[in-house]
Each structure stands twice: as structure tokens, then as C-alpha cells.
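Comments concern the structure below.
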Amino acid sequence: VTDGPMRDYEEIKEMKVQYLATGLTSGHGPLMLRGANIPVKVAGMSVVPGDIVHMDVCGAAKFPERFLPKVLEYARELRRREIEQQKVFKDPNFDYLRWKASQSK
């Protein structure tokens, strides 16, 4: 997590490293390390040491480490429900109107 831009996006992507920055830059200029393990603000999101940051190509979210067990519990339940929904939608006999009506009950 950095409060500055990054470069070498393609190389970092190949390494499968998650990286949160303010944007991309073509040149690196002089490196000015101002600190490590300190609070930063990236794209309007404040991150402090100990925060858990989850990110993908669509964006990032963070939460304090003390919430990790509950977040994992919610994520597992959400994944279970998504798998069940995918089974319904992939069924050759799937009927959207019947499904929609069942959701309003």
C-alpha cells in the first residue's frame, strides 16, 4: 500500500502481487521513502498499520484486524449462497419469472 503512483504494472501483475497505489507513472524519479508501517491515505482510503486490506482489479476495502474472524465467516456464507444461486441459474429448466416470483416471498 502506497500513497504514490506505481510503475512496471505488467511485471508486478505477472508476480501475482497485490498492490494499491494512487495510479500509474511512466518514470520512477527519485525514491523518497518517508516512512514504513505508518498510516497512509490512498485514493481517499485511510489505512493504518494492522488494517486488513483486500483488493482486486475492481478496487480495495479495508477493516481492522479484530474483525477478521467475522469477515471470514460472512465471506464463507456469501460464497455458499453464490454457489447455490449458480446451480439454480445453470439449471436447463431455469425460469426467470418463476425465480423472480420466489425471491419476493
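Points worth noting:
- Scope the stretch 55-70; condition at pLDDT 90 or above, hydrophobic (A, V, I, L, M, F, W, C) and not in a strand (DSSP E or B); matching residues: 67, 68
- Filtered by the rule that a residue be of a type in the set (Ser, Thr, Tyr) and either exposed (fewer than 10 other Cβ atoms within 10 Å of the Cβ) or part of a loop (DSSP other than H, G, I, E, B) (or both), the stretch 13-54 gives 19, 22, 25, 26.
- Which listed residue is more than 19 Å from the chain's Cα centre (by Cα) and either modelled with pLDDT of 85 or more or among the small types (Gly, Ala, Ser) (or both), from 73, 82, 11: 11
- The residue list 21, 61, 43 contains one member that is on the phi > 0 side of the Ramachandran plot, among the aliphatic types (A, V, I, L, M) and under 18 Å from the mean Cα position of the chain (by Cα), which is 43.
- Of the numbered criteria (1) surrounded by 10 or more Cβ atoms within 10 Å (Cβ to Cβ); (2) over 26 Å from residue 71 (Cα atoms), the one residue 10 fails is (1).
- Test result for residue 87, modelled with pLDDT of 85 or more, farther than 18 Å from residue 9 by Cα and outside the structural domain of residue 5 (by TED's automatic domain parsing): yes
The values are calculated or read from the model by the stated rules, or taken from the named source; none is laboratory data. Not measured: the values here are computed from a predicted model. All Cβ positions, glycine included, derive from the backbone under ideal geometry; neighbour counts span all protein chains shown.
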